[in-house]
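The values are calculated or read from the model by the stated rules, or taken from the named source; none is laboratory data. Small disclaimer: the values here were computed from a predicted structure and weren't measured. In this analysis, Cβ positions are derived from the backbone assuming ideal geometry, glycine residues included, and neighbour counts consider all displayed protein chains. Please note that ligands, DNA and RNA were not included when accessible areas were found on the heavy atoms of the full protein model with its side chains. Shrake-Rupley method; radii C 1.70, N 1.55, O 1.52, S 1.80 Å.
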Amino acid sequence: MQENERDIFETDPEFLELILNSLTTGIFVCDNNYIVRFINQAYADYLGFPREQVLGRPITDFIPDSRAPYVTSTGMAEMGNIRTLKSKDGERVIVVNRLPLKQGSDTVGMLSQTLFGSREEFDAVTKRIEYLDKKVASYAKRMKSALSAPYSLQSIIGESETIKKFREHLVRFARTGSPVLVLGGTGTGKELAASALHCESERSEGPFVSINCAAIPKELFESELFGYAPGAFSGAHKDGKVGQLELADRGTLFLDEVGDTPLPAQAKLLRVLENSTLYRLGSTQPRTVDFRIIAATNRDLKAMISEGTFREDLYYRLSPLILQVPPLYARRDDIPLLARHMLERMGRGNVQITASALQALSTYCWPGNIRELRNVLIRALSLSRDSIIDMGDLAPEILSDYGSCPIPPGASTYEATEVVSNTPENAGPAQHQSSLSSMLANNELRLIILTLQEQNWNVAKSARILGISRATLYEKLKKYGISRNNCS
């Protein structure tokens, strides 16, 4: 550039005005007396007046409720305000930024800038924002649903004394806020108990994050629990990942099958429980988390401590409160209610269970607990006729074990940390054998009578249902002195 040539970008106000008038968004500048010193063509079009008619006049002549007095007097900017302009051409909705003009520390005027060049632009952005708002709300709803507790206290079915005391202890534990270790055999309902603990706690409105420690591969365990930073390892997502512990913030973290937690992860988990701070893999940025932990297992953690496969300090962190879920055999009185509830959940509430079948269900040992009961009912439904489940529809193990699993003395007495059951050391061998024989005989007698009554005393049908020969049934009728006359 030659010395005598002008730099039009620095010195030519006409060129700067050309630029401002070429914008599709509106701009005007006013002084402290609200006198318009500059207005571009777009803003004049918004007002519905020629630029020459607006210049040199107070902006309040055209916008009576203008915010110029506020901005110039306070020196505070206003960003993203939505307002409606009334002009001779009708109403126009605009989004405005208002910026104070500063000279040193003094405010000498205001610049007003619209963010859209036309109503169509504004409408398009508004629709896009509304769409995104709905999408975010939908994702939030789905996230809340995914992290909500699937069961409540009402989901624990039963009216036996055992389950009533269990529910009572559960509610008391829930309201303490302390960690709870839920113990119980396979299929007893440990997840249900953990979910109910969350629902009865002060964190019930927060997330309920459930993790099955046995289902996560060991090499992925820490990244799943703690999350990872971008590029933390080969194959990591470029944006990183939020861990399950962070998702449980302000809620409850449920670690099912906690005995399967790898030892390295146990140490890290312990640190999180001690100081409420975690680090994602590959990150040095601490993250504060606040959750209540509930753990569950059917394994003997104390034996694992002796074997060196579970940390003793973590065990004591997890177990200030221990909740023992009672096995099904210790709450036999609940079996009719549970069976009815399960049938209704399967959409088969019209199905009836005969008294003899119900008696067999109630005397079985149920090593698989409630989960096994559900499987037995599914099988029985597939075999039943006329919407009636009878003895012949039950699994062979139910019939073969009939009467061989008496209720242990004291099994109905529930404790928070254990279900009390007597052992041979607590009862002499002769006494135990005598009571068992008597119980077996009584159960057999009841079953025979129930089956005969249901089959209208047809011996052949009853024998077939009981799984014995007609001759054997006649022998038992003679043995117990059973006849239609004395059992009517």
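Worth a mention:
- Scan of the range 37-69 for residues that are open to solvent by 10 Å² or more (accessible area, probe 1.4 Å), in contact with a Phe, Trp or Tyr (Cβ under 7 Å, 6 or more places away or on another chain) and assigned to a strand (DSSP E or B), ordered by number: PHE38, PRO58
- Of all residue pairs spaced 6 or more apart or on separate chains, those with beta-carbon atoms under 9 Å, a first member in the range 333-346 that is closer than 9 Å to ILE157 by Cβ and a second member that is of a type in the set (Asp, Glu) and loosely packed, with under 15 Cβ neighbours inside 10 Å are ASP334/GLU159; LEU337/GLU159.
- Residue pairs meeting the criteria (Cβ under 6 Å; at least 6 apart or on separate chains; first open to solvent by 30 Å² or more (accessible area, probe 1.4 Å) and assigned to a helix (DSSP H, G or I), in the range 374-398; second at pLDDT 90 or above and of a type outside the set (A, V, I, L, M, F, W, C)): LEU383/ASP393
- Filter result (modelled with pLDDT under 80 and of a type in the set (S, T, N, Q)) within the range 470-488: SER483, ASN485, ASN486, SER488
- In the range 231-244, residue surrounded by the fewest Cβ atoms within 10 Å (Cβ to Cβ) [restricted to those that are touching a residue at least 12 places away in the same chain (Cβ under 8 Å) and over 13 Å from the mean Cα position of the chain (by Cα)]: PHE233
- Residue selected from the range 460-488 under the condition closer than 17 Å to ALA355 by Cα and touching a residue at least 12 places away in the same chain (Cβ under 8 Å), by the criterion most open to solvent (accessible area, probe 1.4 Å): ARG464
- Only one entry of ARG332, ARG299, ARG287 meets the criterion of being surrounded by fewer than 18 Cβ atoms within 10 Å (Cβ to Cβ) and modelled with pLDDT under 95, and that entry is ARG299.
- Number of positions in the range 458-488 that are hydrophobic (A, V, I, L, M, F, W, C) and either assigned to a loop (DSSP other than H, G, I, E, B) or in contact with a strand residue (DSSP E or B) (Cβ under 6 Å, 6 or more places away or on another chain) (or both): 2
- Candidate set from the range 335-349 (those that are of a type in the set (D, E, K, R) and in a helix (DSSP H, G or I)); member that is least open to solvent (accessible area, probe 1.4 Å): ARG340
- Filtering the range 137-168 to residues that are part of a helix (DSSP H, G or I) and modelled with pLDDT under 90 leaves ALA137, SER138, TYR139, ALA140, LYS141, ARG142, MET143, LYS144, SER145, ALA146.
- Of all residues in the range 350-366, those satisfying the criterion of being of a type outside the set (S, T, N, Q), assigned to a loop (DSSP other than H, G, I, E, B) and at pLDDT 90 or above are VAL351, TRP366.
- Some residue of the range 252-261 being assigned to a helix (DSSP H, G or I) and either hydrophobic (A, V, I, L, M, F, W, C) or open to solvent by 30 Å² or more (accessible area, probe 1.4 Å) (or both): yes
- Only one of the numbered conditions (1) open to solvent by 10 Å² or more (accessible area, probe 1.4 Å); (2) closer than 30 Å to SER178 by Cα is violated by LEU323, and that is (1).
- Scanning the range 265-284 for residues that are open to solvent by 70 Å² or more (accessible area, probe 1.4 Å) and either in contact with a Gly (Cβ under 6 Å, 6 or more places away or on another chain) or under 17 Å from LEU255 (Cβ atoms) (or both) turns up ARG271, GLU274.
- Beta carbons closer than 7 Å, at least 6 apart along the sequence or on distinct chains, pair a first residue in the range 213-229 that is part of a loop (DSSP other than H, G, I, E, B) with a second that is of a type in the set (D, E, K, R) for CYS213/ASP256; CYS213/GLU257; CYS213/ASP260; ALA214/GLU257; ALA214/ASP260; ILE216/GLU224; ALA229/ARG280.
- ILE407 fulfils the conditions (1) of a type outside the set (Lys, Arg); (2) part of a helix (DSSP H, G or I); (3) at pLDDT below 85 except for a single criterion, (2).
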